[in-house]
Amino acid sequence: MSDVIAVLGLGPMGRSLTSALLRAGRPAVVWNRTPGRAGDLLDRGARWAAGPAEALEAASVALICVRNYAAVASFLPVRTSTVLVNLTSGRPAEARDLAARDLPYLDGAILSPAPAIGTPAATILCSGPPDLFEQAGPVLRDLAPTTVLVGADPGAAAAYETALLDLFAMSVGGLVHAFAMADAEGIAPRSFAPLAKPMAGLLTEQIDRFAEQLTEGRFPAAISSVASMSSTLEHLVDAADGHDLDSGALRALRAIAARAVAAGHGDSGYAALSTVIRDRGGERGDRRPPARS
């Protein structure tokens, strides 16, 4: 079997993946739909492929990192013996659709920025057949020492990534809105920052508690209740509107809290809000199978 590794897609992440492979002493063949993205990788030993088929034919493992799953689907072969590791971001359902093509396919999610690839800080999640993970694992660990198979369901890695990106996006959204609120009240960003930092610690503490409560289906209000959050959100929406700030996100959360109170969760802890959000998805008929491991 060839020891060559193919990298399909040379955006910032694809270039970082290839660079890490070369530093680890692994021969690499690369391809990108738009030529000219290889930078110094060819000078460092990577070989350019004229197309995806040529790259796959030369390699035992192919790392795919392109814009979206539609792009991946456009060039996957009908058959190949090369282990395909798709590290493109997308929905879990898209990963399952690609896996249904009956190819040697693993789906993956990179949980680290491009500069971290090849360092101890990098993490990659994979999902799919364990035997394929065993074959691709040594290559992936050259890129991310923490490389984990999170399940045989091909959509599991994308499911974890989607939930984690949800957490990141909503957290950043809250942070920028808080800075805007502070600014509207005449508080300088540098004055606000030191007092904002401890709030991150409160979120970290809640993660394990929420996980336990959601697992057990019990939501004791150890400190604050959904009803108290609902009251706080009323105040925050009024404050935002008073400064003509965008209050859309706060209004959405206020509506969720109101539904929770109406459903009898007023005296429950905050974790109960997750079940209310989940039940709303069920009413729309768009629930998807959860990833479990």
Worksheet item: Has region 206-214 got at least one residue that is more than 30 Å from Gly128 (Cβ to Cβ) and without any contact (Cβ under 8 Å) to a residue 40 or more places away in the chain?
Response: no
Item to complete: Report whether or not Asp246 is surrounded by fewer than 19 Cβ atoms within 10 Å (Cβ to Cβ), out of contact with any helix residue (DSSP H, G or I) (no Cβ under 7 Å at 6 or more places or on another chain) and assigned to a loop (DSSP other than H, G, I, E, B).
Response: yes
Practice prompt. Determine which member of the set Arg190, Arg218, Arg209 is assigned to a helix (DSSP H, G or I) and more than 21 Å from His177 (Cα to Cα).
Written response: Arg209
Discussion item. Considering only region 69-76, I want to know if a residue exists there that is under 19 Å from Val150 (Cβ atoms) and surrounded by 13 or more Cβ atoms within 10 Å (Cβ to Cβ).
Written reply: yes
Item to complete: Return yes when Arg96 is surrounded by fewer than 17 Cβ atoms within 10 Å (Cβ to Cβ), modelled with pLDDT of 95 or more and in the same structural domain as Leu17 (by TED's automatic domain parsing) and no when it is not.
Response: no
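Looking at Ala109, is it surrounded by 17 or more Cβ atoms within 10 Å (Cβ to Cβ), modelled with pLDDT of 95 or more and in contact with a strand residue (DSSP E or B) (Cβ under 6 Å, 6 or more places away or on another chain)?
yes
Residues checked against (1) under 30 Å from Tyr69 (Cα atoms); (2) in the same structural domain as Ser112 (by TED's automatic domain parsing):
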position	(1), (2)
Gly151	yes, yes
Gly174	yes, no
Glu212	no, no
Arg218	no, no
Ser225	no, no
Ser231	no, no
His235	no, no
Asp238	no, no
Leu250	no, no
Worksheet item: For region 48-68, how many residues are surrounded by fewer than 18 Cβ atoms within 10 Å (Cβ to Cβ) and touching a residue at least 40 places away in the same chain (Cβ under 8 Å)?
Response: 2
Worksheet, complete the sentence: Restricting region 70-92 to residues that are touching a strand residue (DSSP E or B) at 6+ places or on another chain (Cβ under 8 Å) and in a helix (DSSP H, G or I), the one farthest from Thr18 (Cα to Cα) turns out to be Phe75
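The values are calculated or read from the model by the stated rules, or taken from the named source; none is laboratory data. Nothing here was measured: the structure is a model prediction, and the numbers come from that model. Ideal geometry is used to build each Cβ from the backbone, glycine not excepted, and the neighbour counts take in all protein chains shown.
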